[in-house]
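Please treat every number below as a calculation from the coordinates, not as lab data. Nothing here was measured: the structure is a model prediction, and the numbers come from that model. We place every Cβ from the backbone using ideal geometry, glycine too, and count neighbours over all the protein chains shown.
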Amino acid sequence: MSYFFVDVEADGPCPGLYSMVSFGAVKFDDDLKTTFYRETFPITNNYKLEALQISCPDRETHEGYGDPHKAMIDFEQWILNNNTGSRPIFMSDNPAFDWQWINYYFHRYLGENPFGYSARRIGDVYCGAMGNMRAKWKHLRKTPHDHNPVNDAKGNAEAFRVMQEMMREVKSFKKIQKHYNDLVKTSGVNFTITK
């Protein structure tokens, strides 16, 4: 099982009515250098200029991008070539947006989605670890969030790595705390830790 951080740029709020502009993915590994990127031409006549201009200068440029069918074939092959173990895991800062596009395009062009029917939101991982459903995590990114999908996915993977390290530290602290509590119970002596 491998984690793939995915980011999508689109010319509107939902697939089917609008089109993906570009998407990128980063495999979660030691160096975060295993990446995938494609730009895709529009599949509908609809677009919102303000959404399009976040990642593409104009409709004419978007129309000159690559074939989405080929992009999805290439993406599936890249996922399969880079996945280890069981089903790959889709990770995103906002899967309610990113996953819907990737899922729609996979089903439209290939009839299936190698990620299956679920995704993970990294913000939920952080909120759970912090015990606060409103905890802010985006400051943990190193790569600037510039709407290049590979850069955005990489920044999210970097943040997730920091979250993992934080959770390991908490787990280690809890082990020490449990050992201390067991020691107090068995010895009947309350120890004080000083600097």
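If the chain between Glu63 and Thr84 were fully stretched, how many nm would it gain, using 0.36 nm times the residue separation less the Cα-Cα distance?
Numbers: separation 21, 0.36 × 21 = 7.56 nm, distance 3.55 nm.
4.0 nm is the gain from fully extending Glu63 to Thr84.
With neighbour counts taken as other beta-carbon atoms within 10 Å, the residues Ser55, Ser187 rank, fewest first, as Ser187, Ser55. Comparing mean-square fluctuations of Pro57, Pro149, Pro15 from a GNM of the chain with C-alpha springs under 10 Å, the top value falls on Pro57. Taking the fewest neighbouring Cβ atoms within 10 Å as the starting point, the ordered list for Cys14, Cys127 is Cys14, Cys127. At what distance in angstrom do the alpha carbon centres of region 144-170 and region 83-132 lie from each other? Here the answer is 15 Å between Cα centres. Under 5 Å from the amide H of Gly66 lie the amide H atoms of Glu39, Thr40, Phe41, each residue being 5 or more positions distant or on a separate chain, with H modelled from the backbone and absent for Pro and chain starts. Across region 3-160, the relative contact order, built from alpha-carbon pairs under 8 Å that are at least six residues apart, equals 28 percent. Charges were assigned to the Cβ only: +1 to each Lys and Arg, -1 to each Asp and Glu. The resulting dipole of the chain about its Cα centre is roughly 1380 debye. Ranking of Ile122, Ile102 by neighbouring Cβ atoms within 10 Å, starting from the fewest: Ile122, Ile102. Less than 5 angstrom separates the built amide H of Tyr18 from none of the residues sequence-distant by 5 or more or on a different chain.
Across region 76-91, computed HN-Hα scalar couplings (Karplus, 6.51 cos²θ - 1.76 cosθ + 1.60, θ = phi - 60°) run 4, 5, 4, 4, 4, 5, 10, 7, 10, x, 7, 3, x, 10, 7, 10 Hz from first to last residue, x flagging Gly and Pro.
Quick check: from the Cα gyration tensor, does the chain come out rounded (a/c under 1.5), prolate or oblate?
Prolate.
So how strong a dipole does region 45-137 carry about its Cα centre when Lys and Arg Cβ are +1 and Asp and Glu Cβ are -1, to the nearest 20 debye?
About 460 debye.
Pairs from the table (Lys70/Lys136; Lys70/Lys138; Lys33/Lys136; Lys27/Lys48) lying more than 28 angstrom apart at Cα are Lys70/Lys136; Lys70/Lys138; Lys27/Lys48.
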